1. Pull up the cross-link candidates among the lysines for LYS120, meaning alpha carbon to alpha carbon under 23 Å and not fewer than 8 places away within one chain.
2. Below 8 Å between Cα atoms, with a sequence gap of 6+, how large is the relative contact order for the range 30-99 in percent?
3. Amide H neighbours of GLY122 under 5 Å, counting only residues 5+ apart in sequence or on other chains, H built in-plane at 1.01 Å?
4. Just order 106-117, 121-132 by mean Cβ neighbour count inside 10 Å, highest at the front, would you?
5. Determine which lysines satisfy two conditions relative to LYS72: a Cα distance under 29 Å, and not lying fewer than 8 residues away in the same chain.
6. What does the charge dipole of the range 45-158 about its Cα centre add up to, to the nearest 20 debye, if the Cβ of each Lys and Arg holds +1 and the Cβ of each Asp and Glu holds -1?
7. So how tilted is helix 2-42 from the main axis of the chain? Cα-based, degrees 0 to 90, rounded to 10.
8. Could you tell me how many degrees, from 0 to 90 and to the nearest 10, lie between the Cα long axis of helix 46-61 and the main elongation axis, the longest principal axis, of the Cα atoms of the chain?
Amino acid sequence: MFDGTLANKSRRILASCTIALFVLGVIFMTYRHIAYVEERCTSLDLDRVRWQTVAYTMSRYGGGGNVSIINKSGNYETYPIVPFSGPKEYIEYYPDCCRYYPDTLSGKPLSLTERYLDGKCGFVGISVHTHYSKNDQIITDRQPSGLVWVIDNAYQISDDLRGR
């Protein structure tokens, strides 16, 4: 009887130690993952963020097409869009086109899931400028529109599924 009680006690102690080590391991790995995500997000290169934002915008909206402009008499006139040759040209024209908003946008933060499981770092906003051709001249005075997306720690841009 004495040997059986001691064996049961030893098993319970061993099980408790195993569970405690497992819990400590999970806590440690969670801390390491959070620290890794935080380091990656705080070390984003803002020039690369801007480049990726422009490249993403151009891949979605940078093609040709037409733009409708209201003339002085209140009627719409349609002109062909003159696309930019690439992100470099766009950034040369509009060096302040893009903004990076780490963590929150208008007071609306990324969720813990977005931040630590999906690796999202913050929001990127861009002023989308459109050049068009009118009477063989490139017109650049059209009012820009604004777009906002989410960027992760690998510089991948995606739609904000929560619509912030």
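Bear in mind these aren't lab numbers, they're just calculated from the coordinates by the rules spelled out. All of these numbers come straight from a predicted model, not from anything done at the bench. When we count neighbours, we look across all protein chains shown, and the Cβ atoms used for this are built from the backbone with ideal geometry, even at glycine.
1. Excluding near neighbours in sequence, the set is LYS108.
2. 29
3. So GLY122 has HN proximity to ASP103, ILE151.
4. Order by mean packing, descending: 121-132, 106-117.
5. LYS134
6. Once rounded to the nearest 20, the dipole reads 200 debye.
7. Between helix and principal axis, roughly 20 degrees.
8. Its long axis makes an angle of about 60 degrees.
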